[in-house]
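The values are calculated or read from the model by the stated rules, or taken from the named source; none is laboratory data. Fair warning: this is a prediction, and the values are worked out from it, not measured in the lab. Here Cβ is always computed from backbone atoms with ideal geometry, including for glycine, and neighbour counts include all displayed protein chains. The area values use the complete protein model at the heavy-atom level, side chains included, leaving out ligands, DNA and RNA. Shrake-Rupley method; radii C 1.70, N 1.55, O 1.52, S 1.80 Å.
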Amino acid sequence: MTKTKLQKSLRDSVVTRWAMLLLVGFVLAANYYFYDALSPLKSTLTKEFGFTSTDFGTFVSVYSIPNVFFLMAVLGGIILDKLGIRRTGFLFVAFMAFGALVTAYGASDIYINDGFGYAFMSSFLPGYSPELKMMLLGRFLFGLGAETSIVVISKIIVKWFKGKELAFAFGVKLAFARTGSFLAFNLSPVLIESQSGWTLAIWFAAFLVLAALLVFLIYMLFDLKLDKQVKQEGLLASTDEFHISDITKLLTNRSFIYVTLLCLTFYSAVFPFLSFSSDFFLNKFNLSIKESGFISSMLPIGTMIFTPLFGFFVDKYGKAASLMIYGSIILVVVHLTFAFTNLSPYVLMVILGLAFSLVPASMWPSVAKMVDEKRIGSAYGLMFSVQNLGLWAFPILAGVVLDSTNPTAAETLDYTYTMIMFAGLGIIGLVFALLLKREDKVSGYGLELPSNSK
Ligand SMILES: NCCCC[C@H](N)C(=O)NCC(=O)O
């Protein structure tokens, strides 16, 4: 592919490439919306279906099972390299949509009134309600599609923005994701009060993911056109082709190991916390579902603004390893403050938003410095799979800790031990961030340097 050809391609139009980011940003926002849409409904699920905190934690964590136990994020990356963006993206976004619809069906009146699959779901594991089992199946399928679709979207961004505003585009991509979470925490509590019933909140989320599938189809038309213009398929396949030795090289790279372990512990202290946060505010500060959902949404709203800004900072001034340390410290301080004080959760969630911008904005571009470009797909896939181990285990553990540290019929739940658990994860993450910075002096990857100096 010559430079002249590139200059004439669709990706050279600023409007077109940002329009592409808008399209895939919608798909990502719908993904995050669905992931978070049921968090403000924890108490409603308890009231309607008798969910315990452990049931809710299991529901949150089943998302990660395909990515941890079947290594779906890694395999998805390999499939992506073999089948290409359009077929892989369509397949996995379709899984997401199907899983979202199955989840909504599991909570619906049609299903509960002896609908399709109800008798079957009632015929085994009597300790789990048929509603929970169908919803678990739906979220499992959703998770199977969701993580790989994030890998696909990352590759799409590289395809359109490489050699242009790549880091900033990644920051904006994360801002789309946070917009989805922000909307979920605010819209779900409103939708449960709808006249058509509380399940509208889940149906709305599911249809949003279905709409994302249609939007992805539109994206595919542009992707096809770009490929025809620059014949880029061949080029991407050759740079990203998967070899098993890629994984072994990654597993012997100390910086990659530290950043992956930081990714595991940091995100385990954030996403599972966020899933329980609405219920935490509701119980600790005696607030309404709407208000506690709104406080949870302060976290994504802060990150929508800060993440692209810190991305820009890292591009221009570097300091990525230091920023990961600062983000980890802030995380620990906020979780301990939540555990032991009654300080305003509004302020604390905004401060937590700083941590949740500092670490992602510096972590994801840093991987590109420590790993060969041809291994970046496997690297992100591997990081996602390891990270999902935490996203699987910690929502369940949070639920178990809650159930075991509160009397069965407690009016309000005491979250102190659950918050100590999240703070503990933050402390372990801080150790990995410090090790990463120390290792950077030996490895010379230049994580503290601006993007264009490496
Ligand atoms: N939707 C919640 C889980 C997404 C996890 C995903 N693997 C990830 O790490 N995304 C990066 C981020 O900062 O959201």
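For this structure, a couple of remarks:
- The residues of the stretch 158-207 that are hydroxyl-bearing (Ser, Thr, Tyr) and in contact with a Pro (Cβ under 8 Å, 6 or more places away or on another chain), listed by number, are 179, 181, 188.
- Against the list (1) open to solvent by 10 Å² or more (accessible area, probe 1.4 Å); (2) under 30 Å from residue 69 (Cβ atoms), the condition residue 391 fails is (1).
- All of 204, 216 fail the test of being assigned to a helix (DSSP H, G or I) and open to solvent by 10 Å² or more (accessible area, probe 1.4 Å), apart from 204.
- In the stretch 407-422, the residues that are farther than 20 Å from residue 389 by Cα and open to solvent by 20 Å² or more (accessible area, probe 1.4 Å): 407, 408, 409, 410, 411, 412, 413, 414, 416, 417
- From 149, 196, residue being polar (S, T, N, Q) and out of contact with any Leu (no Cβ under 9 Å at 6 or more places or on another chain): 196
- Residue match in the stretch 60-83 (condition: open to solvent by 40 Å² or more (accessible area, probe 1.4 Å) and closer than 25 Å to residue 194 by Cβ): no
- Restricted to the stretch 76-90, and to residues there that are touching a residue at least 12 places away in the same chain (Cβ under 8 Å) and among the aliphatic types (A, V, I, L, M), the residue that is nearest to the ligand (Cβ to nearest atom) is 80.
- Across the stretch 134-161, the number of residues qualifying as surrounded by 24 or more Cβ atoms within 10 Å (Cβ to Cβ), of a type in the set (D, E, K, R) and under 20 Å from residue 215 (Cβ atoms) comes to 1.
- Count of residues meeting criterion [surrounded by 12 or more Cβ atoms within 10 Å (Cβ to Cβ) and free of Cβ contacts under 8 Å to residues at least 60 places away in the same chain] in the stretch 219-229: 2
- Failed item in (1) in a helix (DSSP H, G or I); (2) away from the ligand (no atom under 16 Å from the Cβ); (3) under 30 Å from residue 397 (Cβ atoms), with residue 94 passing the rest: (3)
Residue by residue, here is whether (1) under 30 Å from residue 149 (Cβ atoms); (2) open to solvent by 10 Å² or more (accessible area, probe 1.4 Å) holds:
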| site | (1), (2) |
| --- | --- |
| 377 | yes, yes |
| 383 | yes, no |
| 395 | yes, no |
| 402 | no, no |
| 424 | no, yes |
| 430 | no, yes |
| 437 | no, yes |
| 442 | no, yes |
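- Of all residues in the stretch 22-49 being farther than 20 Å from residue 188 by Cβ and more than 16 Å from the ligand (Cβ to nearest atom), the one that is surrounded by the most Cβ atoms within 10 Å (Cβ to Cβ): 23
- At least 3 residues being more than 22 Å from residue 445 (Cβ to Cβ) and open to solvent by less than 50 Å² (accessible area, probe 1.4 Å) is the threshold, and among the helices (runs of 4 or more DSSP H) wholly inside the stretch 243-332 those reaching it are 254-284, 289-317.
- Restricting the first member to the stretch 340-358 and to residues that are free of Cβ contacts under 8 Å to residues at least 60 places away in the same chain and farther than 24 Å from residue 448 by Cβ, and the second to residues that are away from the ligand (no atom under 16 Å from the Cβ) and aromatic (Phe, Trp, Tyr), the beta-carbon pairs closer than 8 Å and six or more apart or on different chains are 342/285; 348/338.
- Sole exception among (1) surrounded by fewer than 21 Cβ atoms within 10 Å (Cβ to Cβ); (2) in contact with a Ser or Thr (Cβ under 9 Å, 6 or more places away or on another chain); (3) part of a helix (DSSP H, G or I) for residue 361, by number: (1)
- Picking from residues in the stretch 168-184 that are at pLDDT 90 or above and away from the ligand (no atom under 11 Å from the Cβ), the one that is most open to solvent (accessible area, probe 1.4 Å) is 183.
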